[in-house]
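Please read the structure below before turning to the comments.
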Amino acid sequence: MAWPEEGDIQGGPVALLIEPSDPRTYPAGGISSTVLRSVDFRAAMDKLRSQLAGAERLQNQSDEYDVKRMGRIRDELSKGISNEYLALLASMYVSLVNRGQEKLVDYLAGELGKSVATVKSHLWQARKRGLLTGSAGRKGGQLTPEASAILSKIVPNAPQSAV
């Protein structure tokens with residue numbers, strides 16, 4: 001079943017695809033009205049609502065974590081351009097790249113209250129200091145083991161992929 005991508009889901013699905021669980025065996029005589037009447041729209045709607053609620057909870061947790069994470073980056077920046085700051089910045093940068101954030105350097109600049117050129121310079125420094133792989137001017141890269149070691153010290157209980 002498929003629901004509209006946006007808007008009200010109360011009206012039920014907008015599409016229904018029925019196919020056998022084993023594509024090599026089809027029901028004798030095709031799909032009957034008995035099969036169609038056995039489709040449990042209520043259970044499908046309950047499952048959709050449950051999935052949406054779970055996704056919303058995860059998004060809220062992710063948003064809260066990102067707010068704390070950005071605060072941590074700002075705190076480190078206030079102490080100067082240290083390896084700790086650059087590792088945190090690189091980690092956030094890699095996370096945003098992996099999420100498909102558009103104009104991510106602009107986003108980081110806005111969050112940090114710095115110019116785009118300053119943030120680009122900081123990312124270049126992270127690469128130069130061996131904390132972020134990739135080449136300057138190209139989106140992407142990976143945290144290096146050195147950056148991961150720094151992050152483990154300053155954020156010991158953080159998830160490994162989302163420090």
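Between Glu64, Glu6, which is modelled with pLDDT under 90, among the acidic types (Asp, Glu) and surrounded by fewer than 10 Cβ atoms within 10 Å (Cβ to Cβ)? Walk me through it before giving the result.
On the way: Glu64 fails: surrounded by fewer than 10 Cβ atoms within 10 Å (Cβ to Cβ).
Result of the check over Glu64, Glu6: Glu6.
Here's the yes/no breakdown for (1) under 30 Å from Ile18 (Cβ atoms); (2) touching a strand residue (DSSP E or B) at 6+ places or on another chain (Cβ under 6 Å); (3) outside any helix (DSSP H, G or I); (4) free of Cβ contacts under 8 Å to residues at least 60 places away in the same chain:
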| position | (1), (2), (3), (4) |
| --- | --- |
| Ser50 | yes, no, no, yes |
| Glu64 | no, no, no, yes |
| Glu84 | no, no, no, no |
| Leu96 | no, no, no, yes |
| Gln101 | no, no, yes, yes |
| Tyr107 | no, no, no, yes |
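Only one entry in Leu96, Leu151, Leu89 is at negative phi and modelled with pLDDT of 95 or more, namely Leu89. Looking only at residues in region 111-148 that are modelled with pLDDT under 80 and out of contact with any Phe, Trp or Tyr (no Cβ under 7 Å at 6 or more places or on another chain), the one that is nearest to Asn98 (Cα to Cα) is Arg138.
Pick out the one residue from Ile73, Ile81 that is surrounded by 13 or more Cβ atoms within 10 Å (Cβ to Cβ), modelled with pLDDT of 80 or more, within 30 Å of Ala147 (Cβ to Cβ) and more than 19 Å from the chain's Cα centre (by Cα). Step through it out loud before you land on a result.
Details: Ile73 fails: more than 19 Å from the chain's Cα centre (by Cα).
Answer to the selection: Ile81.
Scanning region 85-108 for residues that are within 19 Å of Ile154 (Cα to Cα) and under 16 Å from the mean Cα position of the chain (by Cα) turns up Ala90, Ser91, Met92, Tyr93, Val94, Ser95.
Among the residues of region 109-137, which ones are more than 25 Å from Lys153 (Cβ to Cβ) and either among the aromatic types (Phe, Trp, Tyr) or in a helix (DSSP H, G or I) (or both)? Even if it seems obvious, please write down each step before you answer.
Pass one, region 109-137, residues more than 25 Å from Lys153 (Cβ to Cβ): 109-110, 113, 115-118, 120, 135-137.
Listed by number, the residues that qualify are Ala109, Gly110, Val116, Ala117, Thr118, Lys120.
Please go through region 27-39 and pick out each residue that is surrounded by 10 or more Cβ atoms within 10 Å (Cβ to Cβ), of a type outside the set (Val, Ile, Thr) and modelled with pLDDT of 80 or more.
Applying the first criterion (surrounded by 10 or more Cβ atoms within 10 Å (Cβ to Cβ)) to region 27-39 yields 27, 31-32, 35-36, 39.
Narrowing further to those that are of a type outside the set (Val, Ile, Thr): 27, 32, 36.
Once the filter is applied, which keeps residues that are surrounded by 10 or more Cβ atoms within 10 Å (Cβ to Cβ), of a type outside the set (Val, Ile, Thr) and modelled with pLDDT of 80 or more, region 27-39 yields Ser32, Leu36.
The values are calculated or read from the model by the stated rules, or taken from the named source; none is laboratory data. Note that the coordinates shown come from a computational prediction; the quantities given were computed from them, not determined experimentally. Neighbour counts run over all protein chains shown; Cβ positions are idealised from the backbone, glycine included.
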